[in-house]
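Reading through the structure tokens given below for one structure.
Each value in this text was obtained by applying a stated rule to the coordinates, not by laboratory testing. Bear in mind the structure is a predicted one, so any value in this text is a computation, not a measurement. Ideal geometry is used to build each Cβ from the backbone, glycine not excepted, and the neighbour counts take in all protein chains shown.
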Amino acid sequence: MEQERTNRNCPLWGTETCARLNMRACRGCPAENKDVRECDDVRDDVDTLYALLPEEGIASLFTGETCSLCKGENKGKRESYGLFDMGHADPRAVKKKLSLFRGKTYGFVVPLQFGCCKDCRRRFQLLSWLGMLTTILILGAALLVVAQEPVAQSLRNVWRGLPLLLMLLAAGISFLAGKVLTRVLRSRFNERTYMDLREQPLVRRMLSLDWECVAEGKYPQPVFTRKRLRYGVGTAVPAPAEEKSEHDGENLD
Ligand SMILES: [Zn+2]
């Protein structure tokens with residue numbers, strides 16, 4: 001869909017801030033119906049956010065034709081995107097850090113969009129359901145055996161609670177097996193893919209700039225999608241150099 005940024009009366013129209021906000025339309029933009037002073041606040045927010053990002057920006061993750069999650073020289077062809085949010089505290093609100101309710105609130109959140117190849121996507125997806133699948137398979141098999149009346153009867157003859165005890169044991173074993181299998185496969189996949197997103201070079205760089213992964217857990221997962229986000233902060237593709245200087249010119253006031 002085409003952009004509809006048509007409100008030329010907006011103090012931010014056509015400025016670098018407008019390009020960085022990268023809204024589809026003026027309607028729904030943070031600067032919609034705002035006066036000059038409020039628009040200055042929006043500009044200040046966007047400038048602060050961009051000052052926190054790595055200088056090289058984040059667009060290179062999704063603009064290339066190759067996978068940004070592959071390790072090494074031979075990178076796969078991009079066929080989908082892994083979305084992954086990173087958050088940063090607002091440095092202008094440092095005092096709030098002392099608040100009891102600091103928790104995990106971020107002043108800024110930007111979506112990273114990793115261009116991703118088929119293999120990397122499959123590796124992540126396999127690991128995300130492997131534990132559950134292993135549990136279901138082992139537990140299901142145990143249930144099938146114990147549910148056979150002759151088997152159940154002979155178990156009950158030993159001790160009434162034995163069938164239940166065996167099911168509980170199977171549950172424990174299947175859970176552990178899922179964990180072990182996941183760990184083994186992750187370390188194997190990790191030779192080809194940044195299975196720990198914190199090791200991905202741009203994420204590592206952002207972590208060093210005090211960004212945090214919004215997703216919880218030891219190995220936060222990206223969310224895969226065929227189409228990337230095209231609108232909103234962090235989704236803009238930087239304009240070519242000559243176009244940019246034109247915009248910069250408009251920015252001087
Ligand atoms: Zn890949």
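Summary of computed values
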| quantity | calculated |
| --- | --- |
| From phi via Karplus (6.51, -1.76, 1.60), per-residue ³J(HN,Hα) for the range 106-115 in Hz, x at Gly/Pro | 10, x, 9, 10, 10, x, 8, 10, 7, x |
| Derived scalar couplings ³J(HN,Hα) [the range 20-35; Karplus, 6.51 cos²θ - 1.76 cosθ + 1.60; whole Hz; x for Gly, Pro] | 6, 5, 6, 6, 5, 9, 5, 5, x, 6, x, 8, 4, 6, 9, 7 |
| Residue (of 152, 36, 234) at the positive-pole extreme of the chain, dipole from beta-carbon charges | 152 |
| DSSP bridge pairs, the chain: antiparallel proportion in percent, nearest 5 | 95 |
| Cysteines (scope the chain) whose Cβ has no counterpart Cys Cβ under 4.7 Å | 10, 18, 26, 29, 39, 116, 120, 213 |
| Cα-based Lys proximity count in the chain, under 28 Å, for pairs eight or more positions apart or on separate chains | 25 |
| Relative contact order (%) - criterion: Cα under 8 Å, at least six apart; region: the range 125-189 | 54 |
| Selection from 72, 189, 169 lying farthest towards where the dipole of the chain points positive, charges on Cβ | 169 |
| Loop-located trypsin sites (Lys or Arg not before Pro) in the range 133-195, at most 11 other Cβ atoms within 10 Å (DSSP) | 160 |
| Cα-based shape type of the range 197-238, given that a ≥ b ≥ c are square roots of the gyration tensor eigenvalues and the cut on a/c is 1.5 | oblate |
| Phi to ³J(HN,Hα) by Karplus 6.51 cos²θ - 1.76 cosθ + 1.60 over the range 185-198, Hz, x for Gly, Pro | 5, 4, 5, 6, 4, 5, 5, 10, 10, 6, 5, 9, 4, 5 |
| Viscosity 1.002 mPa s, 20 °C: Kirkwood-radius Stokes-Einstein D of the range 125-189 over Cα pairs, µm²/s | 168 |
| Residue (of 133, 11, 105) at the positive-pole extreme of the chain, dipole from beta-carbon charges | 133 |
| Principal axis box of the chain, alpha-carbon based, largest edge first, Å | 90, 48, 34 |
| Rel. contact order, % - alpha carbon contacts under 8 angstrom, at least six apart, the chain | 28 |
| Max mean-square fluctuation residue, GNM over the chain, Cα-Cα springs under 10 Å, options 75, 118, 227 | 227 |
| Rounded to 10°, Cα long-axis angle of helix 36-52 versus longest principal axis of the chain | 50 |
| Net charge dipole size for the chain [Lys, Arg +1 and Asp, Glu -1 on Cβ; Debye, nearest 20] | 1680 |
| C-alpha long axis of helix 241-251 to longest principal axis of the chain, angle in ° | 60 |
